[in-house]
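First the structure, in the form of structure tokens, and then the observations on it.
The values are calculated or read from the model by the stated rules, or taken from the named source; none is laboratory data. As the structure is a computational prediction, the values presented were derived from the model and not from experiment. FYI the Cβ positions are ideal-geometry reconstructions off the backbone, even for glycines, and counts take in every protein chain you see.
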Amino acid sequence: MKFQDMPYTDRYAQVMDIMTSRGLLLGAYDKDGKPNAMTIGWGSIGSIWGMPVWIVLVRPSRYTYGCIEHSDCFSVCVPGRDLATACAICGSKSGRDSDKLATAGLTAQPGSIVHASIISHCPIVYECQVMHRNDIIPSELVKQLQEGPYASGDYHRLYYGAIVAARVADDVAQRLG
């Protein structure tokens, strides 16, 4: 795939639609340099502190949490329709227990700016440097969220990643559908 730089706001609606329908892939390296990817269905892209930012949510129980804590960076990779099964695998298996990228038929490569794994098959890629992190404060959540996504008590950490690169493949329209 051949990539070119893009403004981070390009294809915003399409990226958000893909995130909520089949998921995006959050990439990072573990402390031993092994690439990892986790499917995410929650996140936000926007402008904070006068810079473009991805906010992603990762539970401390997830293997990816340790990867981001170790590296202070991550990638957000937007998969094409052909990767729906791979996203399901990355969202249901842990990199702690297996090589889920191999199981999903995915390959990773290093980011061009940050030390985060990039999923080679994805036609849109964001590279992000962690600028801030904060944990969900259970007592500040409305009851609906306490009893819904957090009924088990496994609260997320929010990572605010400055988008230092946003790239799009030349054949993005064909790959995303």
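The table below lists the values:
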read-out	value
Odd one out for Cys128, checked against (1) modelled with pLDDT of 95 or more; (2) in contact with a Ser or Thr (Cβ under 9 Å, 6 or more places away or on another chain); (3) part of a loop (DSSP other than H, G, I, E, B)	(3)
Qualifying positions in the range 137-163 - closer than 24 Å to Cys90 by Cα and assigned to a loop (DSSP other than H, G, I, E, B)	Gly148, Pro149, Tyr150, Ala151, Ser152, Gly153, Asp154, Tyr155, His156
Residue in the range 95-105 that is over 17 Å from Ile163 (Cβ atoms), of a type in the set (A, V, I, L, M) and without any contact (Cβ under 8 Å) to a residue 12 or more places away in the chain present	yes
Residue count, the range 33-53 (criterion: surrounded by fewer than 19 Cβ atoms within 10 Å (Cβ to Cβ) and either closer than 17 Å to Thr107 by Cα or hydrophobic (A, V, I, L, M, F, W, C) (or both))	6
Filter pass, Tyr126 being surrounded by 19 or more Cβ atoms within 10 Å (Cβ to Cβ) and either in contact with a Lys or Arg (Cβ under 6 Å, 6 or more places away or on another chain) or on the phi > 0 side of the Ramachandran plot (or both)	no
Which listed residue, of Tyr160, Tyr150, is surrounded by 12 or more Cβ atoms within 10 Å (Cβ to Cβ), of a type in the set (Phe, Trp, Tyr) and within 14 Å of the chain's Cα centre (by Cα)	Tyr160
Residue in the range 55-78 that is surrounded by fewer than 21 Cβ atoms within 10 Å (Cβ to Cβ), among the acidic types (Asp, Glu), out of contact with any Gly (no Cβ under 6 Å at 6 or more places or on another chain) and touching a residue at least 60 places away in the same chain (Cβ under 8 Å) present	no
